[in-house]
Amino acid sequence: MTTSPKTPAARTVAAGDDSGECAGSPAIPPPSSPWPTAAAPAAGRSTGLGSLLVRAAADFPEHGLRYCTAEHPSEHTLQTYPELLAESLRLLGALRAEGVRPGRVVALLLERPEEFVPALWACLLGGITACPLVPLRNDPQRWAAQLSHVDTLLGGPLVLTDRRTREELPAVEGLAVTTVEELTAAAVPDAPEAPPAAGDPDDVALLVLTSGSTGAAKAVRLTHRNLLASMAAKARTQSLTAADVTLNWISYDHVAALLEAHLLPLSVGAVQVQVPPEAVLADPVRFLRLIDAHRVTMTFTPNFLLGLINKALDRQPSPPALDLSCLRHIVSGGEANPVATGLAFLDRLAPLGLCRGALWPAFGMTETCAGSIYNREFPGTDRGSEFAAVGRPVDGLRIRITAGDDTPLADGETGEVQLTGPMITDGYWNDKEATQAAFTADGWFRTGDLGRLDGGRLTLVGRSKDSIIVNGVNYYSHDLESVLDGLEGIARSYVAAFPTRPPGSDTEHLAVAFAVTPDVAGDEAALHRLLIAVRNTAVLHWGFRPAVLLPLPEDAFPKTSLGKIQRSLMRRRLESGDYAGHLAAVQELVIRQLGGYTAPEGETERTLTELYGDLVEEDPATISATAGFFDLGGTSLDILRLKRLIAERFPGVELPVLAILTSPSVRALAARIDAGQGGGPAPYDPVVPLQTTGEGTPLFCVHPGVGEVLVFVNLAKYFAHERPFYALRARGFNPGEKPFGTFDEMARTYADAIRARQPHGPYALAGYSFGAAVAFEVAKLLEADGERVDFLGSFNLPPHIKYRMDELDFVETAVNLAMFLDLVPEQRAATLPAELRPLGRREQLARLIDLADPDRLAELDLDLARFTAWAELADGLTDLGRSYRPAGSVARMSVFHAVPLRGTRQDWLDKELSRWADFTREEPRYIDVPGEHYTLMGPRHVAVFQSLLRAELDRALTDRAQDRAHDRTQDRAHDRAQDGAHD
């Protein structure tokens, strides 16, 4: 590691007034002709973008990319431009050896900048077209659909990824894949570097997908000529030179990161600081620390980060000790910039040296090579407006405002924004229809945005296209609507996703309106479950929660004559208050279903309501102390942010993620925090309450072979206000806890704990995988105590488990644990045991941790020590299973079966699962559920699984209740008959 110096980027920057730019002139004058032209190519040098890297390496050999990965802002590794050029040329040679020739498309599925950047330049230097991709790890089916669409659209590209991601790739027939590790290994040592390709400026350099969340994504064509023209114009507008230091925290699937934050600074030889997105999202103030540590002069960020920084600074007792006088400007694009947010940001940072003209609201699209219009007059000319103007175009770009028939409008009139210039794309790859629709008859590009020009200064006032921009990212309405339209309880073709912006918000929010089926309309509990399902589906699909959920009658959906819902009209109605009555009814329903409002008690609970309100963007005064974090709409990213905020607000308290997951209400979490401040761990209780509301018979679910209950967290949400959902967690996770010594001890402990929570039946039990055998034994014990077990479920496990346990030595168990926790993909898990067996136990576990995604480790709060303890506990449970022999019987069982670990589903059902009939007094019921053994309750399948489980649970409990009522009737009739006989 090296520590970043304060030079060469330091500039003298003076505070300006509200209408001026920050002072300061470049320490190194721009070269007279830094951008190549097609007219005079140098011998043996590329005439395209590749020449920019060649020139940067030759003219600025000490500059390059600083990759920051450590907690300390100044720590980094430096890759100079000559080193980047050499590595890129070696990769180019390896690609050519693979048969990749100019014009071929290479899809870059690489998340680490250290791998992505050299691969990108290998393509650009070799005349190869590059297309950045983003993985969809949480949804294999969507990922497979995305890859299949890309493969077809791009004409069979070569997908270049890393080894770990390749092992996770879903199977897509015909997809060509290689890895950077394979290319690096294949490169011949000391071989001469592959020469750059001369190429043609009109060759396509980049293909950028318009949306990674839909299978119908278009690929924007950006030629070398487009990009060179754009870089030259941007650099002139921003006065960028090699004296600058830029900062990027946006991932490279975002066009602004690719062009504004990488290609642009490289084009002038500036130093670039690269930091992973999660480092800034987890701690927004780190963005400012990085600026100070590296003396950053220019950076880019969507507006939402400015709002997060404002909130984070407001929570701190005093301003951080930072010097931001180095920062000349921040380009803020990707979404609208509220003037109030920008002013608040400048006001808070003025004491730290940030000049008043440092914030530049901007506009750009993938089709315009990212930023192309900049507002350098903010905030002086924007005071009194709700949103900042986006400013004036760069050299070479022209703007016009037109009416619906493309007739140009006068200054000050509102219409469609249209653009023309050398940085504008010529269309979409292999999509003539989309290309024709994107351009007017006279060749101007239709942006899809509405705006007006005032003296050449552009202000946007809306959009004519159906999209939602949240935190700087475009999401398309139809993408989410197609998923929600398939949810049980939603009337088909009556769902609309559209943006809304509450007053004072830093970014747009998502509103989802839907009509419900008649069976849901009259059932308040069913409607609340549907609200949860809609919210959870949106979170799993797009990664953020809707701000507004709006069930409406069908006649409240305005439709065109062709049946298309008019989303823009619904937005206007929402923001004008037309739906206020419906929103109030939803709020009242949710409060009732959450058990009413309970005021927080004590300082800890009051502080937590503030944190909860901040995270879910609700007034803290409306947060009940008994409401669950997930009931309020919390997401997995919010959990990480909440963990960090708790550590900040309660010094000395370090809560594991599991504590938050299993104690999700303000009151329960406050109790954990207070216990952490004043005492040791709580006594072992196997029962973990994941959902405690509802009057129905509680459901107790036994952990799988890893001993933990995280797998049930998503499932439990769907039982809110219907019945409590308890999970049983193995003993041995907490310090000083002794793991179970026998299978019988485990079953008896769980039976006693269940009875302590619910003294008498009827009981409802289930077990996942290994837990099914435990649940069976617990049910036998409860029945032996004279209690009724009306529902017993096996989630994809047969009665005989010894043969499976015998297959699992410590290595297999540890690998299965890693796969269960999503630390390694299933394909990789198949080969890992053989690789790890020659190693010692500690080395085996360390290797598994090294293979894991750091973000996933952070999400689970795992390190080597915790993983070791967990693996040893799981191995102990496996050992108990080796001695297990099923015996005896229970009254009944429902067997949920998915695709098995190996073999066919039918063989699994016929030869293994059907053997439960030997241990039940009634014939078992078999329920087919989607997914595989490890995914049946995962994000993709949990919505369907919960529906099938709840239906079977309701059937079993209702049938048993009717049986008992019939038995009581029969008993009374028998008693009356006996009394008559005596008379």
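Of note:
- Taken over segment 264-313, residues that are among the charged types (D, E, K, R) and closer than 18 Å to residue 113 by Cα amount to 1.
- Residue in segment 389-396 that is under 26 Å from residue 229 (Cα atoms), over 35 Å from the mean Cα position of the chain (by Cα) and assigned by TED's automatic domain parsing to the domain that holds residue 217 present: yes
- Scope segment 689-699; condition at pLDDT 85 or above and surrounded by fewer than 24 Cβ atoms within 10 Å (Cβ to Cβ); matching residues: 695, 696, 697, 698
- Residues (hydrophobic (A, V, I, L, M, F, W, C) and assigned to a helix (DSSP H, G or I)) located in segment 585-611: 585, 586, 589, 590, 591, 608, 611
- Of everything in segment 851-882 that is assigned to a helix (DSSP H, G or I) and of a type in the set (D, E, K, R), the residue that is surrounded by the most Cβ atoms within 10 Å (Cβ to Cβ) is 875.
- Taken together, 848, 832 contain a single residue that is outside the structural domain of residue 746 (by TED's automatic domain parsing), at pLDDT 90 or above and in a helix (DSSP H, G or I), which is 848.
- Flag if residue 178 is at pLDDT 85 or above and either surrounded by fewer than 18 Cβ atoms within 10 Å (Cβ to Cβ) or assigned to a helix (DSSP H, G or I) (or both): no
- Only one entry of 497, 526 meets the criterion of being touching a residue at least 60 places away in the same chain (Cβ under 8 Å) and among the small types (Gly, Ala, Ser), and that entry is 497.
- Counted residues, segment 373-430 - those being assigned to a loop (DSSP other than H, G, I, E, B) and more than 24 Å from residue 22 (Cα to Cα): 22
- Residues of segment 118-144 satisfying the condition of being aliphatic (A, V, I, L, M) and out of contact with any Asp or Glu (no Cβ under 9 Å at 6 or more places or on another chain): 119, 120, 124, 125, 128, 130, 136, 144
- If you check 919, 820, 896 for being modelled with pLDDT of 90 or more, buried (at least 18 other Cβ atoms within 10 Å of the Cβ) and closer than 21 Å to residue 705 by Cβ, only one passes: 896.
- Annotation: residue 792 fulfils all but one of (1) out of contact with any Asp or Glu (no Cβ under 9 Å at 6 or more places or on another chain); (2) outside any helix (DSSP H, G or I); (3) of a type in the set (A, V, I, L, M); (4) over 30 Å from residue 744 (Cα atoms); the unmet one is (4).
- Selection from segment 915-953 of residues that are without any contact (Cβ under 8 Å) to a residue 60 or more places away in the chain and under 20 Å from residue 780 (Cβ atoms): 917, 920, 921, 922, 923, 924, 925
- Qualifying residue in segment 830-851 (condition: free of Cβ contacts under 8 Å to residues at least 40 places away in the same chain and touching a Gly at 6+ places or on another chain (Cβ under 9 Å)): no
- Qualifying positions in segment 362-384 - within 16 Å of residue 303 (Cβ to Cβ) and more than 26 Å from the chain's Cα centre (by Cα): 373, 374, 375, 378, 379, 382
- Neighbours by Cβ (under 7 Å, 6+ apart or cross-chain): first from segment 247-258, in the same structural domain as residue 304 (by TED's automatic domain parsing); second of a type in the set (Ser, Thr, Tyr) and assigned to a helix (DSSP H, G or I): 255/366
- Helices (runs of 4 or more DSSP H) fully within segment 244-358 counting 2 or more residues that are of a type in the set (A, V, I, L, M) and crowded, with 22+ Cβ neighbours inside 10 Å: 255-258, 264-267, 286-294, 303-315
- Of the residues in segment 795-802, at least one is part of a helix (DSSP H, G or I) and surrounded by fewer than 23 Cβ atoms within 10 Å (Cβ to Cβ).
- Conditions (1) closer than 22 Å to residue 432 by Cα; (2) out of contact with any strand residue (DSSP E or B) (no Cβ under 7 Å at 6 or more places or on another chain); (3) buried (at least 18 other Cβ atoms within 10 Å of the Cβ); number of the one not met by residue 148: (3)
- Boolean, residue 171 is aliphatic (A, V, I, L, M) and modelled with pLDDT under 90: yes
- The set of residues from segment 431-451 being in a helix (DSSP H, G or I) and either buried (at least 17 other Cβ atoms within 10 Å of the Cβ) or of a type in the set (S, T, N, Q) (or both) comprises 435, 436, 438.
The values are calculated or read from the model by the stated rules, or taken from the named source; none is laboratory data. What you see is a predicted model, and the numbers here were worked out from it, not measured in a lab. Methodologically, a virtual Cβ is constructed for each residue, glycine included, from the backbone with ideal geometry; neighbour enumeration extends over all protein chains shown.
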